[in-house]
Amino acid sequence: MNDDFLNAILDNPIKAIADFYAGCLNENDRAKAYVNDELHLTGEQATEQQVGFADRTLGKQIPQRRIKRGREVRDALVEAGLYKANGREVMRGRVTVSIVNEQGNIIGIRGYKIDAHASGQDVITVGQSEPAISPATQVPVATTEEPTTKQTKDTKTDDSDELIIEDNQIIFIRDDRRYRIRGLEKNKSTLTLKVNLMASRDELVHMDTLDLVKARSRTSFIKATATELYTDADTIKKDIGTLLLKLEALQSDRIAALKQPARIEVKLSDEEQREALALLRSPNLLERIVADMDACGIVGESTNKLAGYLAATSRKLAKPLAIVIQSSSSAGKTSLMDAVLSMMPTEDVNRFSGMTGQSLFYLESDSIRHKILAIAEDEGIRQASYALKLLQSEGELRHATVGRGEDGRSQTQEHHVEGPTQIFLTTTALDIDEELINRCLILTVDESDSQTDAIQSKQRESFTHDFTEHGYLAGQLKRLHQNAQRLLQPVEVFNPFATQLTFPNHKTRMRRDHIKYLTLINTIAFLHQHQRTIHSAQQGDISTEFINVEPGDIAIANGIAGEVLGRSLDELAPQTRNLLGRLHDFIDSNSRSIGLPRDAFRFTRRDVREAIHWSDSQIQKHLGRLVDLEYVLVHRGRNGQRYVYELLYGGEGREGQPFLMGLIDPAKLKTPATTTKTSTPLVETSTP
């Protein structure tokens, strides 16, 4: 401590502090800029007129109040008006200008507020407010009551109660007391407010970790802080009360922000848009998709790749298609999933290795809406199968739990997860929940020797130098398809041919397969939206934009459904397949001769025996197999009645390809009639 400085304060506080402030001006660039820009003084003029800056270092030059010498000096400063009774420096954070009389003696100090953390008026004066010398030699100042226009514009009112957030910590200043808060971001609930809190005053410090929500913790901290900082406990209590309210408001804002899922918006350049639109408008779009996936390294599996791509695209529809890739271990199901997902925008894919039974219910409300939910391996599916079934059937999840409310009491809390969501699964299990499987398209990986040979050939290529160029091309193709997916708009799809379509109906599970088939058709049309006419319909106040399904979409869907939902004649024994072919020819010729539709024609075993001249035991054996495999349907025959049959098979798949019985030939579809007006007019316009 400088005894001469302390003696000077006791002798003439105003002059001593003015001299001290004058010596601090050159250490602060902001203060010097204020002197030059606002007071219009050069450096020499500022030195001559003893302009200074209260840089908060005065308290370090004075002993603490608990020391006798410190009390004497601080009392002298309080009496001179330079310190407040609570120990705060009056001019703290201000540019100071000495007020001198005719004899050149300093009789007062005027302070200009330039620090946002300084409290009080913009201009304050300590000591004599008016100089006794000519105004021409004194610094021009604004009056205390009327700040200058610039000061009014740039300076806020007292902001000492505001929180200052910097470097992962929060600062709160009240007069000469400073509070530093750390760890607020770790609190994820409004029921806790555990922080590391350090209180300081001059060189005195007290720090503790406490939960500000708990009254006992606050009381203990207030008592300890008042003791360590030599401050009245009521003052600290008011500080902590104000701080608590501000931290609670800040914490609520942070928690609300955390609950908002991060939105990823990808903006495409003009060139990227042109390339993506060129792909979507390609007349052989589906062939391009398969070819591009081949180029990315996935060989074979053409139907599976196309079905997976379409299912992933259906995420944008109201009823997306769910996919399960089922195969033995190491057959390539994960590679197929990876290939499909790599073509989809990353912001639309949520991928998990597994999940617990309740995890889906606690997702953010719209975090999976119109997105892909991909889960690998059956163990990841098993626990969550119930939630996945609900999500697929109902398009949303609603779950009620008991939790703590804001008042700490137990209360019912509802969790709502919005759909629809496209579900993409892989599994090696054969006994997956039947209810879940019935809601999905099942893709079976090709496990033939020829497919294995093709995969091994591709694997060998990956170890060559040419693979680097191949990887670059694959990356470009993936980005192209991702951008094309981003350009697909959420337009409605209507099927004007829907009432003419046919589908097998001899099993109740066909009801769900029928929906998959119709959704597959709509997805194909949706993917081709940039090649279709966009229609708009107005009904009342509701306006809808839509595109229509075309016969070509149905033809493509029939081919995919035949392979994905259908079967192959290879599953039949040679003699059974021979009987099926003869039955088809027999029914075809006889139904045509009597003018009866095939699906209305009925026959008995005797009719078959007389037509193909097989023995009754042969017909009974092989016809029974066809009944078991649902190629033939029994209408009656039990309880002494004669057996009467219907042939469900329509001649498909004779070359060994998979097929689905009962689908109409798109060539036989009739162009639907135009929409007629109803009592509520439906105004329809078209724009190419």
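Restricting Q169, Q121 to residues that are at pLDDT 80 or above, of a type outside the set (V, I, T) and surrounded by fewer than 16 Cβ atoms within 10 Å (Cβ to Cβ) narrows the list to Q169.
Scanning region 47-70 for residues that are over 51 Å from the mean Cα position of the chain (by Cα) and part of a loop (DSSP other than H, G, I, E, B), we see that the one that is surrounded by the fewest Cβ atoms within 10 Å (Cβ to Cβ) is R66.
Taken together, V78, V95, V35, V73 contain a single residue that is assigned to a strand (DSSP E or B) and surrounded by 15 or more Cβ atoms within 10 Å (Cβ to Cβ), which is V95.
For region 199-257, the set of residues classified as touching a helix residue (DSSP H, G or I) at 6+ places or on another chain (Cβ under 8 Å), modelled with pLDDT under 90 and of a type in the set (S, T, Y) consists of T231 only.
For every residue, the table says whether it meets (1) assigned to a helix (DSSP H, G or I); (2) touching a residue at least 60 places away in the same chain (Cβ under 8 Å); (3) touching a Pro at 6+ places or on another chain (Cβ under 9 Å).
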site	(1), (2), (3)
S220	yes, no, no
V266	no, yes, yes
L286	yes, yes, no
V290	yes, no, no
A318	no, yes, yes
V324	no, yes, no
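So, S269, is that one in contact with an Asp or Glu (Cβ under 9 Å, 6 or more places away or on another chain) and either loosely packed, with under 14 Cβ neighbours inside 10 Å or of a type outside the set (D, E, K, R) (or both) or not? No: the conditions fail for S269. Of these, N28, N2, which one is under 23 Å from Q121 (Cβ atoms) and of a type in the set (S, T, N, Q)? The unique qualifying residue is N28. When the residues of region 494-506 are filtered to those that are buried (at least 18 other Cβ atoms within 10 Å of the Cβ) and in contact with an Asp or Glu (Cβ under 9 Å, 6 or more places away or on another chain), which remaining residue is modelled with the lowest pLDDT? It comes out as P504.
Here's the yes/no breakdown for (1) buried (at least 18 other Cβ atoms within 10 Å of the Cβ); (2) modelled with pLDDT of 90 or more:
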| position | (1), (2) |
| --- | --- |
| E545 | no, no |
| A557 | yes, yes |
| A561 | yes, no |
| S568 | no, no |
| T576 | yes, no |
| H635 | no, no |
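When restricted to residues that are modelled with pLDDT of 85 or more, touching a strand residue (DSSP E or B) at 6+ places or on another chain (Cβ under 8 Å) and not hydrophobic (A, V, I, L, M, F, W, C), region 311-336 contains 3. If the condition is being closer than 18 Å to D75 by Cβ, assigned to a helix (DSSP H, G or I) and not acidic (D, E), then region 1-19 contributes F5, L6, N7, A8, I9, L10, P13, I14, K15, A16, I17. Checked against (1) over 24 Å from S327 (Cβ atoms); (2) modelled with pLDDT of 80 or more; (3) within 23 Å of the chain's Cα centre (by Cα), L425 meets all criteria but (1).
Of the residues making up region 482-526, those that are over 20 Å from I556 (Cα atoms), touching a Phe, Trp or Tyr at 6+ places or on another chain (Cβ under 9 Å) and free of Cβ contacts under 8 Å to residues at least 24 places away in the same chain number 0. Within region 33-47, residues that are in the same structural domain as K113 (by TED's automatic domain parsing) and among the small types (G, A, S) sit with their Cβ atoms under 6 Å from residues that are assigned to a helix (DSSP H, G or I) and surrounded by 10 or more Cβ atoms within 10 Å (Cβ to Cβ), at 6+ positions apart or across chains, in these pairs: A46/V35.
The values are calculated or read from the model by the stated rules, or taken from the named source; none is laboratory data. All figures in this text were calculated on a predicted structure; none of them were measured in a lab. Heads up, the Cβs are rebuilt from the backbone with ideal geometry, glycines too, and the neighbour counts pull from every protein chain shown.
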